[in-house]
Every structure is written in structure tokens, then in C-alpha cells.
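One structure below.
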Amino acid sequence: VQLQASGGGLVQPGGSLRLSCTASGSIYRINSMNWYRQAPGKQRDLVATITSGGDTNYADSVKGRFTISRDTAKNTVYLQMNSLKPEDTAVYYCRYMDYARTCWGQGTQVTVSS
């Protein structure tokens, strides 16, 4: 499975961005997709998860501000990020996981700064 992430950029505090991650290749029907982020000098942290059944989960730091969703027909997962804060600045990665494989996208930079 190949993952192509996009949508990052520079935004002011309080602003919004929407990240996209499109999967291609052999996609198993039962899977989960995640967004992770990694700030400079820090570990990569889980931000949000969505399963093929539509269940979602979020890190406490983004609850109420970020929304993960998916378009199954397009094999695409989205991360809508609202009320962005400087501490949300990081490289955001999408990840695909099924019973046999874990695959990572290339990352997209999100910078929140005035």
C-alpha cells in the first residue's frame, strides 16, 4: 500500500487546515488509518485513528479541534484541523494498518505561527 499525504502549510494560530492521505495498491477491506505527528526533537505521537468501520479516536490534545474522516470510495482519509495552536506544529504522517501490514506516508509539514 502506498500513501500520499498532502495539505500541510503555514497557518496563523486559530486557523484551519485539512490534510488528505490517499492510499493505493492492495487495500484490505478491514483496516485502520491513523494520523501521527512529530515535532522537532520529539517522538512521533498518535493524533487520530479511524477504522474501516468508521470508529474514531483522538489524542486528548486535539479532541474537539481535529476531526478524522474517510472517503472509502476514494481510499482517502482526511484530518480537519481547526483552532490550530503553535504546539500543533509538526510533520504529520498518515499510516495504514491491516492484519498483515503497516505502511507509512511521506509526511506533510504543518506550521502554526503568526
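Here are the numbers:
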read-out	value
Qualifying positions in the range 69-88 - modelled with pLDDT of 95 or more, open to solvent by 40 Å² or more (accessible area, probe 1.4 Å) and of a type in the set (Ser, Thr, Tyr)	69, 83
Complete set of residues in the range 94-114 that are in contact with a Gly (Cβ under 9 Å, 6 or more places away or on another chain), open to solvent by 10 Å² or more (accessible area, probe 1.4 Å) and more than 27 Å from residue 30 (Cβ to Cβ)	109, 111
Residue within the range 27-41 that is among the aromatic types (Phe, Trp, Tyr) and not in a strand (DSSP E or B) present	yes
Criterion: of a type in the set (Gly, Ala, Ser), within 16 Å of residue 74 (Cβ to Cβ) and out of contact with any Gly (no Cβ under 7 Å at 6 or more places or on another chain) - qualifying residue of 54, 41, 8, 15	54
Which numbered condition residue 62 fails, given (1) free of Cβ contacts under 8 Å to residues at least 40 places away in the same chain; (2) part of a strand (DSSP E or B)	(2)
Options 91, 1: the member that is surrounded by 13 or more Cβ atoms within 10 Å (Cβ to Cβ), in contact with an Asp or Glu (Cβ under 9 Å, 6 or more places away or on another chain) and β-branched (Val, Ile, Thr)	1
Residue count, the range 21-43 (criterion: farther than 24 Å from residue 60 by Cβ and either of a type outside the set (Gly, Ala, Ser) or modelled with pLDDT of 95 or more (or both))	6
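The values are calculated or read from the model by the stated rules, or taken from the named source; none is laboratory data. Since the model is a prediction, treat every value here as computed from it, not as a measurement. Ideal geometry is used to build each Cβ from the backbone, glycine not excepted, and the neighbour counts take in all protein chains shown. Ligands, DNA and RNA are excluded from the accessible area calculation, which covers all protein heavy atoms including side chains. Shrake-Rupley method; radii C 1.70, N 1.55, O 1.52, S 1.80 Å.
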